[in-house]
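To start, the structure itself, in structure tokens.
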Amino acid sequence: MKVKLFTAQNMAEAMTQVKQDLGRDAVILHTRRFKKGGVMGFFGKEMVEVMAAVDSTAAPVAEKKMQIVLPPAADDTQLTALQLEMSNMRKIMEQMLYQLPEHGKQSSPLQDLLIKNDIEPLIAAKLVKGLPEEQSIAGSDQGTVRKLLFERIVDYLQKTSGIDISPTGCKTVALIGPTGVGKTTTIAKLAANFALKEGHKVALITADTYRIAAVEQLKTYGDIIGIPIETVYSPDELKEAMCRHNDKNLVLIDTAGRSPSNYYQLAELQALLAVDPSIETHLVLSTATKYRDALEIVNKFSVCSPQKLLFTKVDEASSVGTIFNLLYHFPATVSYVTTGQSVPDDIELASSTKLANMILRE
Ligand SMILES: Nc1nc2c(ncn2[C@@H]2O[C@H](COP(=O)(O)OP(=O)(O)OP(=O)(O)O)[C@@H](O)[C@H]2O)c(=O)[nH]1
Ligand SMILES: [Mg+2]
């Protein structure tokens, strides 16, 4: 790890120095403003100091392509296999539990369908509980029971609402979530739709100053869409940037991906968003996330009090089971789902009937 200190007259200049010296993969470790010259700290010139680092052991790009990925050490492999085995056994036992006589009857084909679409076995059992047997409904068509189940599912998915913009006020929305789930891409999709398709005045703010490349990623989108973009390094700067753009209909804030197990990072994010309680926070999750991991993410990010959930990568997930399982436990509002990498097209307002149809997909 190569660590270096940079001093410049402003943050933009410091970032250029970091990029030139350490490259686009540099990580910002610390920033501070200080006064240079002057008398007892007064009348000095304001300067910024940035401490940045880059992994000096990382191979150059060309070399990286040729790297051979070694299998994990024997112990790790055994451990992973054991964990997998235990997880499979747990699933089988949960399913068996609901097929035992005290639970009434054998699982139904609809229950099996729910489980196949990754609805947790216990939730699937509760969803079909009390539904009539298909053959017991005299003279009804085959789909009657399915329709009843569909309505039950829709009931749990009812809370959906996107970004509600008022023609007069300024709405501010921040996207938060784990790394790589698609926050920046989703911000670009939202910005392009609200600015270009709906003609609203939109501005972007990025608080993701962790990697140089992250700032550039959003700046590129901002330039293409033709809307202003600001970079902020602290809660105070966020407040100032929000004030500067209070003439806009929508201000979208991008944040750095955070690990749910890093308490410090989450506390920092919480402090950033606490500068203005009017910020509407959407927690972004990949639909392909395993349910148990998604639960952990929602639990840990709850310190940031997100108002809505936003699910990305529906196109990459084999089911939308995680979405349903989560909403069964946390009756949260879902804003959007994203369905691919294309900006601005691959985003939709969440629809309870569309999701319910996917949950009952054969
Ligand atoms: N298939 C698919 N890929 C997506 C979707 N949304 C984003 N991606 C891709 O996911 C990758 C990561 O997207 P980013 O927008 O950079 O994710 P991020 O959450 O901002 O990542 P960090 O800022 O590093 O935390 C990119 O390759 C995107 O093109 C989606 O709906 N479907
Ligand atoms: Mg990002």
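The values are calculated or read from the model by the stated rules, or taken from the named source; none is laboratory data. Just so it is clear, the model here is predicted, and its values are computed rather than measured. No Cβ is skipped: glycine too gets one built from the backbone with ideal geometry, and neighbour counts run over all protein chains shown. Heavy atoms of the whole protein, side chains included, go into the accessibility calculation; ligands, DNA and RNA do not. Shrake-Rupley method; radii C 1.70, N 1.55, O 1.52, S 1.80 Å.
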- Task: Tell me which of these ARG211 doesn't satisfy, since it passes every other one: (1) modelled with pLDDT under 95; (2) more than 10 Å from ligand 1 (Cβ to nearest atom); (3) of a type in the set (Lys, Arg).
- Result: (2)
- Residue by residue through the range 319-334, note down the ones that are touching an Asp or Glu at 6+ places or on another chain (Cβ under 9 Å) and modelled with pLDDT of 95 or more. SER319, VAL320, GLY321, THR322, PHE324, ASN325
- Query: Would a scan of the range 183-200 turn up a residue that is within 16 Å of ligand 1 (Cβ to nearest atom), touching a strand residue (DSSP E or B) at 6+ places or on another chain (Cβ under 7 Å) and over 24 Å from LYS313 (Cβ atoms)?
  - Reply: no
- Query: Do any residues in the range 42-57 that are over 15 Å from ALA26 (Cα atoms) and open to solvent by less than 20 Å² (accessible area, probe 1.4 Å) have Cβ atoms under 6 Å from those of residues that are among the aliphatic types (A, V, I, L, M) and modelled with pLDDT of 80 or more, where the two are at least six apart or on different chains, and which pairs are they?
  - Reply: VAL48/ALA8; VAL48/MET11; VAL48/ALA14
- Of the numbered conditions (1) within 22 Å of ASP55 (Cβ to Cβ); (2) away from ligand 2 (no atom under 12 Å from the Cβ); (3) within 18 Å of the chain's Cα centre (by Cα), ALA191 fails exactly one; give the number of that condition. (1)
- Please specify each residue of the range 1-18 satisfying the condition of being crowded, with 17+ Cβ neighbours inside 10 Å and within 29 Å of the chain's Cα centre (by Cα). MET11, MET15, VAL18
- Message: For the list (1) open to solvent by 20 Å² or more (accessible area, probe 1.4 Å); (2) within 16 Å of ligand 1 (Cβ to nearest atom); (3) under 22 Å from ILE28 (Cα atoms), I need the number of the one condition that ASP236 fails.
- Response: (2)
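Condition check ((1) hydroxyl-bearing (Ser, Thr, Tyr); (2) within 14 Å of ligand 1 (Cβ to nearest atom)) across all residues:
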site	(1), (2)
THR255	yes, yes
ARG258	no, yes
TYR263	yes, no
LEU266	no, yes
LEU283	no, yes
SER302	yes, no
- Message: Exactly one of these conditions fails for ILE297: (1) open to solvent by less than 80 Å² (accessible area, probe 1.4 Å); (2) out of contact with any Pro (no Cβ under 7 Å at 6 or more places or on another chain); (3) not hydroxyl-bearing (Ser, Thr, Tyr). Give me its number.
- Response: (2)
- In the range 207-253, residue nearest to ligand 2 (Cβ to nearest atom) [restricted to those that are closer than 11 Å to THR172 by Cβ and touching a helix residue (DSSP H, G or I) at 6+ places or on another chain (Cβ under 7 Å)]: LEU252
